[in-house]
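Below you'll find the structure, written out as structure tokens, and then a few comments.
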Amino acid sequence: MDCRSSMESSETLRNKCAACYKQFNKMEHLVEHMKISYHSGHEPTCGVCKKHCRSFESLREHLIGPLPKQECKNIFSVRGCRFCLMILESPNASRIHQERCQFSSVNAGLTTRMAALGIRDKAMIDYTSSRSPKVVALSCKMVGGGSDGSLDLCARVCITDESDNVMFHTYVKPSMAVRNYRYEKTGIRPENLRDAMPLKHAQRKIQEFLCNGEPMWKLRPRGEKGKILVGHGLDHDLDRLQLEYPSSMIRDTAKYPPLMKTSKLSNSLKYLTQAYLGYDVHVGIQDPYEDCVATMRLYTRMRYQKNKIETYPLAANAHNRSNQVAWRQNAVERMSPDEMLSISRSDYYCWCLDSLA
């Protein structure tokens, strides 16, 4: 009996996933798990036990959630950073790191910068022709249109670079009547839009800036033609601006798998900024400049993740002949869990790859 139990235990251990540590009764079950899990070196990983997690929220639960792994929790509580979830070599190193890891709030945001420039409510800042950063963040603020004021209309747009400099900012005159200015959140009044830039004019200027004056069809992933566009909920912003932009050039913090909830739903920008940057946004009137800065900081934090460098890091890449549906059952079943993990690839584009471009 003891011998049989020992054999069963050994078999289960052999069928243990090398990434998430799930155990399976049969090897074919582990193979099926690896086919659909897309484990890779780009997943958030526990600095203590090296467990792979699908998102940073999953990793956070593993470390400090309601039911954490106790050993990892104990070490993290002494040497862990609550923002980037890294484990440092000593408590003192952790304290110094966390002070640097936490960002300061952009309290008054664009309003303060405008005041310093002597610019007031009818501000229009445009540096789109004089500077050409490779990565920019965009955010819009909406007022309400339609019969009941529930239709979102873009009334203010801001674009910043990686150094938090304003590239473009303007109020936008919607193409239909405004029914609700949503002042409590937007701070926008009728007089702000009276002589504002028409939507078509703003749309054309932004598209030319993003594409560096090139036609949209010439843009290529990781190419020199267009800019990487960062934001939160960019599909909605671009739709309200009536703009199209290649998905390969978009970095959306609402859709990036490592920043999503364990349930695979989006986190709010307010939550992401508080959890991963250490300060609050959307307190009172919401400023598009503040949103641009927050999304750019989140993007930068994700881009500089130190992950394993692979020649073909995506499962969808044609060179990964051994991956996913192409996995040969008999050949894979003879592999160890570590060998399976070594040929597995990610099903999403990790932003760390932007730093290699």
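The values are calculated or read from the model by the stated rules, or taken from the named source; none is laboratory data. Everything numeric in this text was worked out from a predicted model, so none of it was measured. Every residue, glycine among them, receives a Cβ derived from its backbone with ideal geometry; neighbour counts consider all protein chains shown. Remember, those area values only see protein heavy atoms, side chains included, never the ligands or the DNA or RNA. Shrake-Rupley method; radii C 1.70, N 1.55, O 1.52, S 1.80 Å.
Quick notes
- Among residues of region 67-85, those that are over 25 Å from the mean Cα position of the chain (by Cα) and not small (G, A, S), counted: 10
- Of the helices (runs of 4 or more DSSP H) entirely within region 12-95, those holding at least 1 residues that are closer than 25 Å to S346 by Cβ and among the charged types (D, E, K, R) occupy 27-37, 56-64.
For (1) of a type in the set (S, T, Y); (2) surrounded by 17 or more Cβ atoms within 10 Å (Cβ to Cβ); (3) touching a Pro at 6+ places or on another chain (Cβ under 9 Å); (4) modelled with pLDDT of 90 or more, each residue gets a yes or a no:
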residue: M167; (1), (2), (3), (4): no, yes, yes, yes
residue: V178; (1), (2), (3), (4): no, yes, yes, yes
residue: N192; (1), (2), (3), (4): no, yes, no, yes
residue: D195; (1), (2), (3), (4): no, no, no, yes
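- Residue ID - least open to solvent (accessible area, probe 1.4 Å), chosen from residues in region 244-262 that are within 10 Å of S58 (Cβ to Cβ) and in a loop (DSSP other than H, G, I, E, B): M260
- Extreme residue, farthest from the chain's Cα centre (by Cα), among residues of region 130-163 that are surrounded by 15 or more Cβ atoms within 10 Å (Cβ to Cβ) and of a type in the set (D, E): D152
- Subset of region 75-94 [of a type in the set (S, T, Y) and closer than 23 Å to L259 by Cα]: S77, S94
- Taking region 344-357 as the range and being under 14 Å from G41 (Cα atoms) and either part of a loop (DSSP other than H, G, I, E, B) or modelled with pLDDT under 90 (or both) as the test, the residues that pass are S344, R345, D347, Y348, Y349, C350.
- Within region 37-71, being free of Cβ contacts under 8 Å to residues at least 12 places away in the same chain and open to solvent by 40 Å² or more (accessible area, probe 1.4 Å) holds for K50, P66, L67, Q70.
- Test result for S104, among the hydroxyl-bearing types (S, T, Y), open to solvent by 30 Å² or more (accessible area, probe 1.4 Å) and either within 27 Å of the chain's Cα centre (by Cα) or modelled with pLDDT of 95 or more (or both): yes
- The condition (being under 30 Å from R156 (Cβ atoms) and not in a helix (DSSP H, G or I)) is satisfied by just one residue among Q305, Q286: Q286.
- Residue count, region 314-342 (criterion: open to solvent by less than 40 Å² (accessible area, probe 1.4 Å) and modelled with pLDDT of 90 or more): 3
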